Amino acid sequence: MRSPGPTVSLPNMPVWDDDPAWQPPSPLGGDALADVCVIGLGGSGLVAVLALRAAGLRVIGIDAVDVGAGAAGRNGGLLLAGIADFHHDAVRLLGHDAAVAIYRRTLVELDALFAEFPQCTRRTGSLRIAASESELADCRAQLAQLQRDGFPAEWYRGDEGEGLLIPSDGVMQPLRRVRAMAAQAMRAGATLHSGTRALEISGTSVRTDRGTIRCDRVIVAVDGRLETLLPELAPRVRTARLQMLATAPAPDRQIPRPVYWRDGYEYWQQLPDGSIALGGFRDTGIDTEWTHDAAPSAGIQQRLDHFLRTHIGTLAPVTHRWAASVSYTESGAPVSEEVRDGVFAIGAYSGTGNVVGALCARDAALWVIGSTSGH
Ligand SMILES: Cc1cc2nc3c(=O)[nH]c(=O)nc-3n(C[C@H](O)[C@H](O)[C@H](O)COP(=O)(O)OP(=O)(O)OC[C@H]3O[C@@H](n4cnc5c(N)ncnc54)[C@H](O)[C@@H]3O)c2cc1C
């Protein structure tokens, strides 16, 4: 098989950035007033913005860079039910009722995502394929727990290997989803600003590099580097870099569903045009990947190249390489709570935040509505 080309010779650009007509919202033009300020315009922040607008609140959403500039626009695009931990592990970590409740809520959120964004989502199901005998046993334990709790899952044996098929899961084009949400939020009357960085946050004001926003409540919806923005979370939140690459259309491969491999450390999907987006190997650079740096590195990219050629088995050239930051908690449970008076933080989805982030955002919006309704 042909050897992969040189590593990290491409700009840090996700395969998803395919709309040259995209215009970021303008930066904040000075001091401003709102009921709620939402910091971070990824998928989570935008779910909160939309929920707050639906409740009739005046919302200003800001992003230091642009809509979807963080993990929300640079991820693998897998839409998976549950939290980052597999369901049987979640039961052990969170307790049975809590794990079942969150899994059930993610199924509802998935239904909503597929219904609302048919132009950028596909309900394909997903595969968890075992990379070893012990992982195969773990897949059986996961299947048993899912079936005991009445969630859709079946055993799978096929071209990709052996493991689990979860029919309720799917894939999306993540950047297209967040841009569609931003457009929807602005049409609904929300004010969004890119290029506007929050520097100082209290429950009644957000000082940015472009002016100060006075408000009644603040939601911080930032996954990677959450602990930098809110240092009180530093004891339990830690930022890591996740890296991916994508190929040109790969006619030598047919991959009907996204694959989660080796406990989900590697993950890939084939896009409608035949390109393959592949991520992984965070755990192999344990000294290097706990970092706030969000640029691809030669070491991990070489592993991805090797895996692409030897395991996925395509000859398609690599066209994109990228990375982004996410954050993790030791317990596996995301952050979703009031961290300062009037400031609610959501994030730290431990690498799987496309669906859970939306749940936490709905909880944040409910907290705002509940805590301001007496005003
Ligand atoms: C390579 C990779 C692959 C992944 N694959 C998957 C997957 O397949 N499935 C899945 O479910 N999850 C996946 N994830 C995780 C998922 O992408 C994230 O958990 C989720 O997108 C987080 O979205 P968010 O809106 O909460 O936060 P973010 O996307 O982190 O958005 C936060 C926004 O806040 C902005 N911001 C940061 N600081 C400030 C500040 N001071 N002021 C103003 N704005 C600020 C940033 O610019 C950013 O746009 C992956 C992540 C990565 C990096």
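Toward the positive end of the charge dipole of segment 219-359, with +1 on the Cβ of Lys and Arg and -1 on the Cβ of Asp and Glu, the farthest Cα among GLN270, ALA358, TRP322 is that of GLN270.
Using Cα-Cα distances under 8 Å and only pairs 6 or more residues apart, what relative contact order does segment 98-206 have, in percent? Dividing the mean separation by the residue count of segment 98-206 yields 27 percent.
To test your reading of the geometry: what angle, between 0 and 90 degrees and rounded to tens, separates the Cα axis of helix 174-187 from the longest principal axis of the chain? Tilt of helix 174-187: around 20 degrees. Peptides 11-17, 122-128 ordered by packing proxy, namely the average of other Cβ atoms within 10 Å per residue, highest first: 122-128, 11-17.
Coordinate range of the alpha-carbon atoms in segment 67-159 per principal axis, descending: 40, 35, 24 Å.
Our coupling estimate for segment 313-326, obtained by passing each phi through the Karplus curve with A = 6.51, B = -1.76, C = 1.60 and θ = phi - 60°, is x, 9, 9, 4, x, 7, 10, 9, 9, 7, 8, 7, 9, 9 Hz, Gly and Pro reported as x. Peptides 311-319, 168-176, 338-346, ordered by how many other C-beta atoms sit within 10 Å of their residues on average, highest first, read 168-176, 338-346, 311-319.
Taking only the alpha carbons of segment 235-375, we obtain Rg and Dmax values of 18.4, 62 Å in that order.
Helix 43-54 and the longest principal axis of the Cα set of the chain meet at an angle near 40°. I need the shape label for segment 1-159. Rule: rounded when a/c is under 1.5, else prolate if a/b > b/c, else oblate, with a, b, c from the alpha carbon gyration tensor. Verdict is oblate for segment 1-159.
Protection proxy ranking of 217-224, 94-101, by the mean of other Cβ atoms within 10 Å over each peptide's residues and highest first, is 217-224, 94-101. Normalised Debye scattering of segment 2-82 at q = 0.10, 0.22 Å⁻¹ gives log10 I(q)/I(0) of -0.37, -1.16, counting only Cα atoms as equal scatterers and leaving out solvent. Residues MET181, MET186 ordered from highest to lowest accessible area at a 1.4 Å probe: MET186, MET181. Once you order the gyration tensor axes a ≥ b ≥ c over the Cα atoms, which shape class does segment 31-74 get: rounded for a/c under 1.5, otherwise prolate or oblate by comparing a/b with b/c? Oblate is the answer for segment 31-74, as a/c is 1.5 or above yet b/c matches or exceeds a/b. Applied to segment 251-257, the Karplus parametrisation 6.51 cos²θ - 1.76 cosθ + 1.60 on θ = phi - 60° returns per-residue 3J(HN,Hα) values of x, 7, 9, 10, 10, x, 9 Hz, with x for Gly and Pro.
In order along segment 113-129, the phi-based Karplus estimate (6.51 cos²θ - 1.76 cosθ + 1.60, θ = phi - 60°) of 3J(HN,Hα) comes to 4, 5, 6, 7, 10, x, 6, 9, 10, 9, 8, 9, x, 9, 10, 9, 9 Hz; Gly and Pro are listed as x. Here the chain yields Rg over Rh of 0.96, to two decimals, using C-alpha coordinates and the Kirkwood radius. Put simply, the convex hull of the Cα atoms in segment 187-317 casts, on average, a shadow of 11.6 nm².
The values are calculated or read from the model by the stated rules, or taken from the named source; none is laboratory data. Predicted model, so just to flag it, every value in this text is computed and none were measured. Reconstructed Cβ throughout: ideal geometry from the backbone, glycine too, with neighbour counts over all protein chains shown. Just the protein is used for accessible areas: all its heavy atoms, side chains included, with ligands, DNA and RNA removed. Shrake-Rupley method; radii C 1.70, N 1.55, O 1.52, S 1.80 Å.
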